[in-house]
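The values are calculated or read from the model by the stated rules, or taken from the named source; none is laboratory data. Note that the structure is predicted; figures quoted are calculated from it, not measured. Counting neighbours? That spans all protein chains shown, and the Cβs are built from the backbone with ideal geometry, glycine included.
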Amino acid sequence: MRRLIGVTLLMGSMLGVIGILQAQEEAEAPTDPNYPAWAWAIPGPDDHRTPTPPLDDTKYTLPGSRFSFTLGEAQGRDPNNRNVRFGPADWFPEDHPTMPDLIANGDPERGITPCSLCHLPNGKGRPENAPPAGQPREYTIATLMDMKNGLRGSADKRKGNIFRMNKYANLMTVDEINEAAEYYAAMKWTPWIILKEVEEVQKVYSSIGMWIPREGDEAGMEPIGMRIIETPENVFNAEILRGPRSKWIAYVPVGAVEKGKDLVTTGGNGKTMACATCHGPDLHGMGAMPGIAARSPSYIARQLYSYQTGDRNGAMAAMMKGVVANMTNEDFVNITAYLATLPAQAEEPTFTE
C-alpha cells in the first residue's frame, strides 16, 4: 500500500510538472516598459543550456573543500535517469548546521525536491532563486505559508520555479515549515555579490535563468544599458559543480549605486520610502521583514516588480505595494545595485546548532 501511495503521488507530481511546463510555454513576456527583463533572465531563442561533461565516474574538486564528487553527485542527478533529482553534493558541511531531512533529501513520495538542490546546503541560492540563509525565522514561515495559500506568484509567468515552490509548500507540514525556517535563520548571510559599475558588459546568454558570458564567435562587449547582469565569478564551479562558496559578479550601470543610495536611505524625495523603516537599520531584516542587504539584485528586483503588478500578496505585500507603486525599471536597477554593496551579516560562515 505504501508503495502504491508513493507511485500515485509521484505520478501526481509528474503531471503537476507537465502542467507547469505547459503554462510556461503558453505564457508571454510582460509588455510593461517597467518590466526588468534582466532580473528574470528568461531564455530566448538564441539561448541554451551551458554544455556539461558526462555524468561518469570522473571526480571533481572545489578550492577549499576536502571532498571530491562526480558531476552526478554535485548536481544531484542519477547518471541512469537525468530526471531523477536528489540533494547536491555538500562541499562544505562545516558552513551550515545539520540539514533537516526535507532540505537534504526532499520527499520523493510526495514529489518534493530537496531544498538544498536549488537553494544549496548553505541556503545561499543563486540569482534564479531565493537566498533563504540568514533570513528571520518569521519571514521564512510567512513566505512558505503565502506560497502554501497561493498568495505568492511571479509577474513573469514563464518562470516555473515559483510554481514548483508553491506546490512544494502546499505539501509541507507546519512542522516542516518551522524546521526549515529555523535552519535558515541559524546561519548568517555572508558576502556573495561582487559589484562592478561599467559602461559595457560581456555579451551573455541565459542558461536556465542565469546569465553566462558568451564564448567563441558569439563573444564580445555591448553597452550595459539600464540593466544588471549577474554572472558567476567562475562558471564551472558555480553552475556546473553548484559550488556553495562561488561568488557572483553584478555588473551595473555607472552611477547606479549613488542613485540607489538616495532611494534606499531617504525614499528619493517622496518617490518611495526609506528601506530601514521596515527592514531594520542595517537592512538585514527583523521579524517578518526580510534582509535585503548584500543580496542578489536580480532576486530583489523580481520581488519589487511582482509587488507592483499585484502578483505578490499576503500580509506583508499590502505594505510593499505603496512602496513600489512609483518605481521604474531604472529605480529597480539603482536600488538593487546599492543594496548589493552593503555589508553582509558576517564575513565568514557562522551558525548556531
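Give all pairs with beta carbons closer than 6 Å in which a residue from the range 126-150 that is on the phi < 0 side of the Ramachandran plot meets a residue that is hydroxyl-bearing (Ser, Thr, Tyr) and crowded, with 23+ Cβ neighbours inside 10 Å; count only pairs at least 6 apart in sequence or on separate chains. Final answer for the pair search is 127/296; 127/298; 132/140; 132/184; 133/184; 135/184; 140/184. Determine, yes or no, whether residue 89 is surrounded by 23 or more Cβ atoms within 10 Å (Cβ to Cβ), out of contact with any Asp or Glu (no Cβ under 9 Å at 6 or more places or on another chain), in contact (Cβ under 8 Å) with a residue 40 or more places away in the chain and among the hydrophobic types (A, V, I, L, M, F, W, C). No; evaluated as a whole, the condition is false for this residue.
If the condition is being assigned to a loop (DSSP other than H, G, I, E, B) and of a type outside the set (Lys, Arg), then the range 292-308 contributes 292, 293, 294, 296. Do the conditions hold for residue 79, that is, is it over 27 Å from residue 190 (Cα atoms) and either under 18 Å from the mean Cα position of the chain (by Cα) or at pLDDT below 95 (or both)? Spelling it out, residue 79 is indeed over 27 Å from residue 190 (Cα atoms) and either under 18 Å from the mean Cα position of the chain (by Cα) or at pLDDT below 95 (or both).
Within the range 170-210, the set of residues being charged (D, E, K, R) and part of a helix (DSSP H, G or I) comprises 175, 176, 179, 182.
Restricting the search to the range 130-150, which residues are assigned to a loop (DSSP other than H, G, I, E, B) and surrounded by fewer than 20 Cβ atoms within 10 Å (Cβ to Cβ)? 149, 150, listed by residue number.
On inspection, residue 241 passes the criterion of being within 23 Å of residue 133 (Cβ to Cβ), touching a helix residue (DSSP H, G or I) at 6+ places or on another chain (Cβ under 6 Å), of a type outside the set (Gly, Ala, Ser) and buried (at least 16 other Cβ atoms within 10 Å of the Cβ). Every test in (1) surrounded by fewer than 21 Cβ atoms within 10 Å (Cβ to Cβ); (2) more than 29 Å from residue 228 (Cβ to Cβ) is passed by residue 153 save one, and that test is (2).
The requirement of being at pLDDT 95 or above, farther than 28 Å from residue 350 by Cα and in a loop (DSSP other than H, G, I, E, B) is not satisfied by residue 243. Look at the range 334-353: where a residue is over 22 Å from residue 226 (Cβ atoms) and a partner is in a strand (DSSP E or B) and modelled with pLDDT of 95 or more, sitting 6+ places away or on another chain with Cβ atoms under 8 Å, you get 349/187; 350/187; 351/187.
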